1. Between rounded, prolate and oblate, where does the chain land on the alpha carbon gyration tensor, with a ≥ b ≥ c its root eigenvalues, rounded for a/c under 1.5, else prolate if a/b exceeds b/c?
2. Which whole-number value in Å³ per residue fits the convex hull of the alpha carbons of segment 199-248?
3. By count of other Cβ within 10 Å, fewest leading, how are 64, 188 ordered?
4. Ranked highest first by average number of other Cβ atoms within 10 Å, how do 50-60, 144-154 line up?
5. According to the square roots a ≥ b ≥ c of the eigenvalues of the Cα gyration tensor, what is the shape class of segment 53-146, taking rounded for a/c under 1.5, prolate for a/b larger than b/c otherwise, and oblate for the remainder?
6. How high is the relative contact order of segment 1-150? Use alpha-carbon pairs under 8 Å, at least six apart in sequence, and give a whole percent.
7. Whole Å is fine, so just give me how far the alpha carbon centre of segment 152-215 lies from that of segment 93-142.
8. Would you mind telling me the antiparallel percentage of the DSSP bridges in segment 5-260, rounded to 5?
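Every number here is computed from the coordinates shown, using simple stated rules; none is lab data. What you see is a predicted model, and the numbers here were worked out from it, not measured in a lab. Methodologically, a virtual Cβ is constructed for each residue, glycine included, from the backbone with ideal geometry; neighbour enumeration extends over all protein chains shown.
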């Protein structure tokens with residue numbers, strides 16, 4: 001590859017990962033756990049400067065933190081063991097984004113993003129409040145107001161929007177990734193301390209990763225507002241799933257949350 005890019009593949013359980021020089025499988029939440037069954041080139045997120053033990057709240061973002069602190073690269077990214085940017089090919093991992101296409105994209109763009117998810121009948125805030133708890137975003141807004149009030153306009157606009165970049169997926173120039181991580185992790189750290197987790201299930205306790213998904217949109221919008229980035233610097237790419245997705249269950253869960261306020265209790 002012409003560009004020195006490292007894209008973390010977040011893995012929380014044994015399995016296969018796409019193999020290319022720029023993909024770095026990372027065992028997230030690896031603290032105190034055995035890595036048997038993971039690809040041989042997998043790194044652990046409990047080595048070096050790390051927050052691996054926060055994985056129960058931050059999910060794949062403990063992998064991003066590890067890469068931010070411990071990898072040297074001109075571009076840094078994050079995908080998932082079952083969710084990648086789409087490339088070309090016929091076989092499962094042959095369909096994911098690979099080096100030659102990534103090089104061409106990085107020649108033109110500073111940030112690569114998954115295609116936006118559109119909610120249509122929900123705002124970002126209302127969907128989250130129906131499926132989890134609006135308290136999480138209320139607390140996040142208070143933290144942003146105290147730490148970095150210049151982001152409040154972008155936060156409020158994002159909460160009222162009906163579409164967003166989700167999945168904690170991106171590939172971007174290293175200076176931008178550094179800027180994002182320096183902004184994000186202190187907010188999530190304070191959020192984790194503010195939210196009462198008494199009685200939460202393991203699934204509910206993953207709120208930090210979910211809030212982080214939406215906060216990425218806040219950060220990106222603010223970068224556009226202050227002209228650090230222009231729209232022409234961004235490219236949206238389709239996402240490919242390497243495992244079966246239960247789209248019917250996802251749709252039923254979405255409608256159940258909207259109309260009957262039935263909270264999500266599991267991933268789909």
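1. Working: a/c = 1.33, a/b = 1.22, b/c = 1.09.
The shape class here is rounded.
2. Numbers: hull volume 7.1 nm³, N = 50.
Measuring per residue, one finds 142 Å³ for the Cα hull of segment 199-248.
3. Working: 64 29, 188 23.
Listing 64, 188 from fewest to most nearby Cβ atoms yields 188, 64.
4. Numbers: 50-60: 22.5, 144-154: 14.5.
The peptides rank, most packed first, as 50-60, 144-154.
5. Details: a/c = 2.05, a/b = 1.54, b/c = 1.33.
Judged from the Cα gyration tensor, segment 53-146 comes out prolate (a/c at least 1.5, a/b above b/c).
6. Details: 202 pairs, mean separation 31.9, N = 150.
21 percent.
7. 11
8. Values: 13 of 30 bridges.
Just about 45 percent of them are antiparallel.
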